[in-house]
There are 2 protein chains.
Amino acid sequence: MQARRVFLQQLALGLGLSSMADYSFAADPHTSDVPVDRPLRVALLGLGGYANIVAKGMQECKMAKITGLISGTPSKIDTWKKKYDIPDKNTYSYENIEDIRNNSEIDLVYVITPNSLHHKFVLEVAKTGKHIICEKPLADNAQQAREMIEACKKAGVRLYVGYRLHFEPHTQEVIRMREAGEFGKIMHVNNYMGFTIGDPTQWRLKKALAGGGAMMDVGVYSLNAARYCTGEEPIWVTAQESKTDPVKFKEVDETITFQLGFPSGIIANCGCTYNFNHSERLHLMGSKGWAEMVPAFGYGPIKGKTHLGPINQPSVNHQAYQMDGIAACILQNKPDPNVTGEEGLKDMIVVDAVYESIRKGGQKIMINS
Amino acid sequence: MQARRVFLQQLALGLGLSSMADYSFAADPHTSDVPVDRPLRVALLGLGGYANIVAKGMQECKMAKITGLISGTPSKIDTWKKKYDIPDKNTYSYENIEDIRNNSEIDLVYVITPNSLHHKFVLEVAKTGKHIICEKPLADNAQQAREMIEACKKAGVRLYVGYRLHFEPHTQEVIRMREAGEFGKIMHVNNYMGFTIGDPTQWRLKKALAGGGAMMDVGVYSLNAARYCTGEEPIWVTAQESKTDPVKFKEVDETITFQLGFPSGIIANCGCTYNFNHSERLHLMGSKGWAEMVPAFGYGPIKGKTHLGPINQPSVNHQAYQMDGIAACILQNKPDPNVTGEEGLKDMIVVDAVYESIRKGGQKIMINS
């Protein structure tokens, strides 16, 4: 993570550029890596709401480009291929994904379907030999995540999870400060992510498509952040659920609070919801300092302060930074940041434990990972 | 609570005064209450650190005055009687508390000893026929609290608990807004109280004197606030404990997180600690608005904001306001605010459940109160 960030800063500096957004497909002057003479060519699989946000962000990319489209809805392909100038030969339905194997204009497929389809599509795409980014949550549960990682390993392709915040400068700065010991010993974390969900007919409220509710979708932010706030892996999990609207949230969880116990004794006390606003925050308390980010997890602008004052970092397009960041890993063979399939699996193990603790009345679930 | 606040505002207005701090021992022009022609005469029992803060605050009181001293340490009596001009006949040791019965210059005894002595001293003072304020937490557990309430009832004296924040204007404003529906439906609460405790030899770290650790001392703030943020009584409790320093916190709890489930489905997710700073906050999230107070529970200045902007209320001396507020209840027979022994008991029932949940590995403890 840290190495990656320093590299990008050095790259920008070396090129005399003021920010990452200015760099171009030049060889990295500071390393002996393969020169980057072309962008990472990305096909988007699933052309829903978030795919639109990714595609828009990618227009700012310097190292990644949309070159393919995969959708179950022909009318979406029509609209998108015109908008993003994609040739017909690079468009696919869900019936002919295996043909992507022969397409030399696609390096990577970004799976952006409803959660419960991640497993199925990652297994299918892995067989094509293309690298994969899978949107978060990686899967419905840890078992699926393990199968996805195994399939990608077997196929010799990389698997990333869409944890865009690991490319976000405020988040990176908090991680840097933590690693540098600037907060002292981390003592406690209190993270929340959530919002009041709209349209009651959307897929996020259907168990069969979403896998779960607030915990799967937004709780993963609080959880992943608890891990990057502490730098430790949880050893126990407790969780509690509440529903104030059992009709709207008939199939999936509305609000969950969960606690992660870490080896050093830190507790991360987290929450997530689909039914109220103004909850979103990251709050890290250490023996020598603290960090508070509000908002901490949305698409930006992210804002934060520490015991030293405001976190002065640029507001960036998260999706562009994520895609350029992953492009740099693949094209320049940089060390993987904390957005690998294994990172996604670590969170799914905790998500499983959260649901298990709720089923068992709040009981402490030990994690043996 | 609300009636009381409005009364004090009207009283101040009626007297042409700009704030509560300006009112004097005048008859209330808006009611038919007993005119107040003398202050509430208070004896302090236990002359430690917090008694000093109370005594200092009471120098600003308009309706309450220190007239007596009770201590187990003769040298403290000597120092205090000179400082506060208390005659020898109004000073007592722990051996002759029963003699207070015959002292017409003492209306009320404020018990400010280490927690685990509250029960013993409240029972003793009740027999003297004097009213009582007992510092929080009311007792070591709910059973003691019930015995204290029963003893005061039997003796015909009033029992209050030192919940000073119920007299604090920012806190009162949040409660007023909640009662007026200005936050809409309350959806979630996330309260923390704590600090890094100093001197490792102090009584707060001794189980026999403190009854417990962070939960007893500062967790009660998060807990009491969860009740005034929601206006509901919890029906279940879960809790988790961590110790990062098992030596310093050998006898008492260092950090506890706890969750309260309310009948409407609200969860209050709370925390308390003796081992880190920058945690203190009250955070209330409703369907139409929110409130956030940082700091929320210390001696002031309390600061807060809501969806409408900053909470514009005066910074006051909490101890002076508490003592004047309770004096008004007793001398003018005003309705009791939410600082009665019964209020203290409600929190002790939850404290018991918190410790029980921890003993049972986070298990949900149902409350039948």
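FYI, it's all coordinate maths here, none of it is from the lab. None of the values given here were measured: they were computed from a predicted structure. Here the Cβ positions follow ideal geometry from the backbone for every residue, glycine too, while neighbour counts run over all protein chains shown.
5 Å is the cut-off here: which amide hydrogens, built 1.01 Å from N in the peptide plane, fall below it relative to A:Val252, excluding neighbours closer than 5 in sequence?
Those qualifying (amide H under 5 Å, at least 5 residues apart or on another chain) number zero.
Mind checking B:242-249 for the average number of partner chain beta-carbons within 10 Å of each residue's beta-carbon?
Per residue, the average neighbour count from other chains is 3.
Excluding residues fewer than 8 places away in the same chain, name every one of the aspartates and glutamates whose C-alpha is closer than 16 Å to that of B:Lys127.
B:Glu95, B:Glu98, B:Asp99, B:Asp107, B:Glu147, B:Glu150
Distance from the Cα centre of segment A:69-84 to that of segment B:275-309, in angstrom?
Each part reduced to its Cα centre gives a spacing of 48 Å.
In nm, give the distance between the simple-model label positions of B:Val247 and A:Asn333, each being 7 Å from the Cα along the Cα-to-Cβ direction.
Here the modelled spin labels are 4.9 nm apart.
Restricting to Cα atoms and excluding each atom paired with itself, what does the Kirkwood estimate give for segment B:256-369 in Å?
17.1 Å
Just subtract the alpha-carbon distance of B:Asp88 and B:Glu147 from 0.36 nm times their residue separation and send over the number in nm, one decimal.
18.0 nm
Would you mind computing, in nm to one decimal, how far apart the modelled labels at A:Lys81 and A:Ile235 are, each placed 7 Å from Cα along Cα→Cβ?
5.6 nm
Ignoring everything except DSSP H segments at least 4 long, calculate the 222 nm mean residue ellipticity for chain B; use -39,500 (n - 2.57) per segment, divide by total residues, nearest 500.
Using -39500 (n - 2.57) per qualifying helix, the result is -9500 deg cm²/dmol.
Local charge sum around B:Ile266 (other residues, Cβ-Cβ under 14 Å, Lys/Arg +1, Asp/Glu -1)?
Result for the neighbourhood of B:Ile266: -1.
When a/c reaches 1.5 or more, the comparison of a/b and b/c decides; with that in mind, is segment A:129-209 rounded, prolate or oblate per its Cα gyration tensor?
Oblate.
May I ask you to compute the full-extension gain from A:Lys185 to A:Asn96, defined as 0.36 nm times their residue separation minus their alpha-carbon distance, rounded to one decimal in nm?
Roughly 26.8 nm would be gained on extension.
Please average, across the residues of A:276-289, the number of beta carbons from any other chain that are within 10 Å of each residue's own beta carbon, and give a whole number.
That works out to 5 on average.
If you rank B:Asp107, B:Asp245, B:Asp352 by fewest surrounding Cβ atoms within 10 Å, what's the result?
B:Asp245, B:Asp352, B:Asp107
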